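The values are calculated or read from the model by the stated rules, or taken from the named source; none is laboratory data. All of these numbers come straight from a predicted model, not from anything done at the bench. Note: ideal-geometry Cβ built from the backbone for every residue, glycine included; neighbour counts use all protein chains shown.
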């Protein structure tokens, strides 16, 4: 889904618009942990109000929605998520801020802090804005749930395995109960079709997991010819 970016180049105008999203008038359960989740939830619900006026609006939302970009969910929820991402991180500004930045969770956290929104939504926007061949894959309890890839990664396809491969950083986070893995080269076949998991072709994976959560996000970067 594509939304038009503001015609103004005044960053403070957009910041002021986003700033009114600081005080929610509905309940979120469980309670959002920070301003980033609150802002994204409110922007998400504002998307429903503007995009889906004919649908009854609820007064309680689930913060898990802030990390759900599964294309198999209800289309209204996905549209509201992308609306929120574009409202809080307009491509007109975000593309410039992300220019030349290599894919990593360290970089995503920096951008998320700058735009005061969630890391998962920031990673999605980064994938859409960077010129690096990169893909974001979400898994839960070791099973792949959804992915987002940009046009620069269009020649690469995830394999048919639903469970994350034992050679992946995502598997390492779950197996060793870690919350953050360093960026590491992993076999391309651990994720991609037409590659051998035991082969020499490698990609870079940087995986992130919230403390105590079975939900893992993996940034996959194809930065060398394979």
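Test residue 174 against the stated conditions and say whether it is assigned to a helix (DSSP H, G or I) and touching a strand residue (DSSP E or B) at 6+ places or on another chain (Cβ under 9 Å).
In short, yes.
Hey, can you tell me all the residues within the stretch 155-171 that are buried (at least 16 other Cβ atoms within 10 Å of the Cβ) and within 20 Å of the chain's Cα centre (by Cα)?
156, 164, 168, 169, 170, 171
Would you mind telling me which numbered condition in (1) surrounded by 18 or more Cβ atoms within 10 Å (Cβ to Cβ); (2) touching a residue at least 60 places away in the same chain (Cβ under 8 Å) residue 124 fails?
(2)
Among the residues of the stretch 47-79, count how many are modelled with pLDDT under 70 and not in a loop (DSSP other than H, G, I, E, B).
Qualifying residue count, the stretch 47-79: 7.
Would you check which residues across the stretch 125-142 are in contact with a strand residue (DSSP E or B) (Cβ under 6 Å, 6 or more places away or on another chain) and at pLDDT below 95 and list them?
138, 139, 140, 142
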